[in-house]
1. Please tell me the relative contact order of segment 98-204 in percent, rounded to the nearest whole number, where contacts are Cα pairs under 8 Å and at least six residues apart.
2. Ranked by Cβ crowding within 10 angstrom, fewest neighbours first, how are W47, W105 ordered?
3. What does the helix-only formula give at 222 nm for the chain: each DSSP H stretch with n ≥ 4 adding -39500 (n - 2.57), the total divided by the residues, and the result rounded to the nearest 500 deg cm²/dmol?
4. Using 1/(1 + (r/R0)^6) with R0 = 30 angstrom and r between the beta carbons of E3 and E60, what's the FRET efficiency to the nearest 0.05?
5. Using alpha carbon centroids, what distance separates segment 46-110 and segment 1-25, in Å?
6. Tell me which residues come under 5 Å, amide H to amide H, from S35 once H is placed; ignore anything under 5 positions away on its chain.
7. Can you tell me how the chain classifies by the Cα gyration tensor, rounded, prolate or oblate, using a/c under 1.5 as the rounded cut?
8. Just check segment 1-107 against the gyration tensor rule for me: Cα atoms, a ≥ b ≥ c as the square roots of the eigenvalues, rounded for a/c under 1.5, and otherwise prolate or oblate depending on whether a/b exceeds b/c.
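We did not get these values from a lab; they are worked out from the coordinates using the rules stated. Everything numeric here is computed off the predicted structure, so don't read it as measured data. Positions of Cβ are backbone-derived with ideal geometry, glycine not excepted, and every protein chain shown enters the neighbour counts.
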Amino acid sequence: MYELPTEFIILGAGGHALVLKALANAAGMSVVGVSDPRLHVADVAQWQGLPVFSDDGIMEQQDSEKIGLLNGIGQLPRCKARKNIQLKFMIAGFYFPPCVHPSAWVCDDAKLGEGCQIMAGAIVQPGCEIGIGSIINTKASIDHDCIIGDHVHIAPGATLCGNITAGEGAFIASGAVVIQNINIGCDSILGAGATLVNDLKDRTCFIGVNNFK
Ligand SMILES: CC(C)(COP(=O)(O)OP(=O)(O)OC[C@H]1O[C@@H](n2cnc3c(N)ncnc32)[C@H](O)[C@@H]1OP(=O)(O)O)[C@@H](O)C(=O)NCCC(=O)NCCS
């Protein structure tokens, strides 16, 4: 029977990687290395006590049946680097486990996509789906029946009330509030502190305290 990897390498060595490493430690996941092109080119041997690899080194030297990957690249608005690297390694056969910080509360009926990350203090209520590679960041709150697409970032402290859909690639910035029954389009951006009370179309950005028609 095929067994999932139990040891992991973190992709990226920036701020999100640091937080993800802390999640992995808290969740008892075994992290055995980090991959970051800048560190590798600079011949840096260790990051946070972990050996440094290159992406190519992982592709060529690591066994995808034994080593899984944690995507430590953060997701900023209009930036596809996180999505692209995850898809590249998934196509090559590498597994990205869903990660849940022990201090997050995730209802046991939640459907968690490959490589999604539920960070410390986040809440995911009943009936929710979290897509591939999506981040539910620190203290974000996702209420009942929310369908969060692939490669979405719900940034720290954002609040989604019930029955919301967020399309692929959407970015809901820190502290934003979305009222119930709203559709958020693909690759759309909701700015920090915004309050969304109407649907947001694909590839649009909204900042401010309402978007009344
Ligand atoms: C919405 C956002 C992406 C806009 O970024 P941007 O396109 O680079 O826009 P700019 O910073 O150039 O700002 C453009 C204008 O909008 C204003 N503005 C930007 N974000 C705003 C916000 N959230 N609320 C109100 N006004 C905002 C700026 O002050 C600026 O006004 P000005 O033209 O009068 O000077 C950005 O503000 C944001 O929310 N980023 C996400 C932050 C976050 O959640 N990070 C989490 C990381 S884990």
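1. About 17 percent, as a whole number.
2. Ascending Cβ contact count within 10 Å gives the list W105, W47.
3. For the chain, the value works out to -4500 deg cm²/dmol.
4. For R0 = 30 Å, the calculated efficiency reads 0.85.
5. If you average the Cα positions of each part, the centres end up 6 Å apart.
6. The list, which skips near neighbours in sequence, is I10, L11, G12, F53.
7. Prolate, because a/c is 1.5 or more and a/b exceeds b/c.
8. Judged from the Cα gyration tensor, segment 1-107 comes out rounded (a/c under 1.5).
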